[in-house]
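What follows is calculated from the coordinates using simple rules that are stated; it is not laboratory data. Small disclaimer: the values here were computed from a predicted structure and weren't measured. When we count neighbours, we look across all protein chains shown, and the Cβ atoms used for this are built from the backbone with ideal geometry, even at glycine.
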Amino acid sequence: MTIQQLPDHLVNQIAAGEVVERPVSVVKELVENALDAGAQSVVVSLEQGGKDLIRVTDDGVGIPVAELALALQRHATSKITSLDDLEQVETMGFRGEALPSIASVARLDLASRHADDPHAWSVRVRQGTISEPEPHALQQGTRVEVADLFYNTPARRKFLRAERTEFNHVDGVLRRFALGRFDVTFVLEHNGRVVARYDAADDETSRERRLRAALGDEFTAHALSIDEQRGDLSLGGWVAEPRFNRAQADRQFLFVNGRAVRDRIAAHAVRQAFQDVLFHGRHPAFVLYLGVPPSLVDVNVHPQKTEVRFRDGRAVHDFLFSSLHRALADSGTGAGAPRPG
Ligand code: ADP
Ligand code: MG
């Protein structure tokens, strides 16, 4: 074999292996783009659990017609321009690979209207080829349609599960976005029906309604609120009273600077805070918002951006543990026995 540079389309398909696993991964990337575009409202529509169609419509800033094709190119992003930017990044995206990856494993249509353009334009990507822009009727913002996911990679299409399973994953990720951004309205439609609606919340009553919509009445009624600050770290959110623990770790949401992540250090700190008040094998329910100066946390750890690395993991651990431990103690729910060391 001779060494050859791979064609772009194939490079994108390979990259898609890391970013696009199933419909929910597409939804996650498209909703992140909508949020980065400053959307106040994001509508996600699925057909057949997203296997046939995923459509995400937002009312964000839109993409100028001159940049539509560029948005679909690999490593093309409006979000960072330097390594310095990467170290301070506050947008959800920055890798510039979601759209080209998705477009390489599905049929993708992109329509957008930027304020500087008199009307919207749309382009289509088919087998790596981007069409010329055509006028489109969209009023404001951006709409991305992703049809027939993995139609050209049958081996991967086979890994998709039942419609209900794929739908449930999307439902879960929308719940997470709804908890991450109370200021944005999210709507989920499935096979033509609205199945979840989270209206933007800006006061105590609407915030509570939102929490209830995302996590249910029981959690909302028994949530202890957290509001802590130590140096440049902050922690907000809610933990359910220990007696409202769960058999599964399915009500655990951690946001670091607004980004939903899974993190071992944080998980350990939470577990330890609940250690004295939960039976072995039971799981606490919580929604926590950790604020860390962007320069002290690396978000470029994983292609799906679901992991972070803290510069000072120890400080984060101590802060989380002591904040939660104190909240549980103050609530008088049986926690708070003095701990050694
Ligand atoms: P990234 O989000 O990492 O920049 P993407 O491939 O997801 O990479 O998107 C590429 C670019 O396309 C973005 O940087 C942004 O400029 C533009 N874009 C994508 N989706 C939207 C959207 N919904 N609204 C406005 N611009 C968008
Ligand atoms: Mg993106």
Among L233, L72, L324, residue whose mean-square fluctuation peaks in a GNM of the chain (springs only between Cα atoms under 10 Å): L233
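Quote the FRET efficiency, to the nearest 0.05, computed for F182 versus S225 with a Förster distance R0 of 22 Å and r equal to the Cβ-Cβ distance.
Details: r = 14 Å, r/R0 = 0.63.
Efficiency, rounded to the nearest 0.05: 0.95.
Can you tell me how the chain classifies by the Cα gyration tensor, rounded, prolate or oblate, using a/c under 1.5 as the rounded cut?
Details: a/c = 1.91, a/b = 1.73, b/c = 1.10.
Prolate, since a/c reaches 1.5 and a/b exceeds b/c.
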Overall form of region 8-198 per C-alpha gyration tensor (a/c, 1.5; a/b vs b/c): rounded
Unit charges on C-beta of K, R, D, E only; dipole of the chain, Debye: 1300
Relative contact order of region 165-240, pairs being alpha-carbon contacts under 8 Å that are 6 or more residues apart, as %: 19
20 Å Cα-Cα reach of K158 towards lysines, excluding residues that sit fewer than 8 places from it in its own chain: K51
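Under a Cβ-only charge scheme (Lys and Arg +1, Asp and Glu -1), can you give me the dipole magnitude of region 85-158 about the Cα centre, in debye to the nearest 20? Please report the intermediate quantities before stating the final value.
Working: 9 positive and 11 negative charges, 124 e Å.
My answer is approximately 600 debye.
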Whole-Å distance, taken between Cα centres, linking region 23-95 and region 180-239: 22
Point-to-point label distance, D318-S82, nm (Cα→Cβ direction, 7 Å offset): 3.4
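What value, in deg cm²/dmol to 500, does the helix sum -39500 (n - 2.57) over DSSP H runs of n ≥ 4 give at 222 nm once divided by the residues of the chain?
Here the helix-only value at 222 nm equals -10000 deg cm²/dmol.
Between rounded, prolate and oblate, where does region 68-167 land on the alpha carbon gyration tensor, with a ≥ b ≥ c its root eigenvalues, rounded for a/c under 1.5, else prolate if a/b exceeds b/c? Each step should come with its number before you reach the end.
Values: a/c = 1.87, a/b = 1.20, b/c = 1.55.
Oblate is the answer for region 68-167, as a/c is 1.5 or above yet b/c matches or exceeds a/b.
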Approximate spin-label separation R262-A155, in nm, with each point projected 7 Å along Cα-to-Cβ: 2.4
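If I stretch the segment between T205 and R309 completely, what's the gain in nm (0.36 nm per residue apart, minus their alpha carbon distance), one decimal? Intermediate values should be presented prior to the final figure.
Values: separation 104, 0.36 × 104 = 37.44 nm, distance 3.52 nm.
Roughly 33.9 nm would be gained on extension.
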Reachable lysines, given that their alpha-carbon falls under 21 Å from the alpha-carbon of K79 and they are not under 8 places away in the same chain: K28, K305
Dipole in debye (nearest 20) - region 8-198, about Cα centre, beta carbon charges: Lys, Arg +1; Asp, Glu -1: 880
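Regarding region 222-330, what's the average projected area of the Cα-atom convex hull, expressed in nm²?
Numbers: hull surface 26.1 nm².
Over all viewing directions, region 222-330 projects a mean Cα-hull area of 6.5 nm².
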Surrounding net charge for S41, when Lys and Arg each add one and Asp and Glu each subtract one, Cβ distance under 9 Å: -2
Separation in nanometres of the label points that stand 7 Å from Cα toward Cβ, at A162 and S234: 4.4
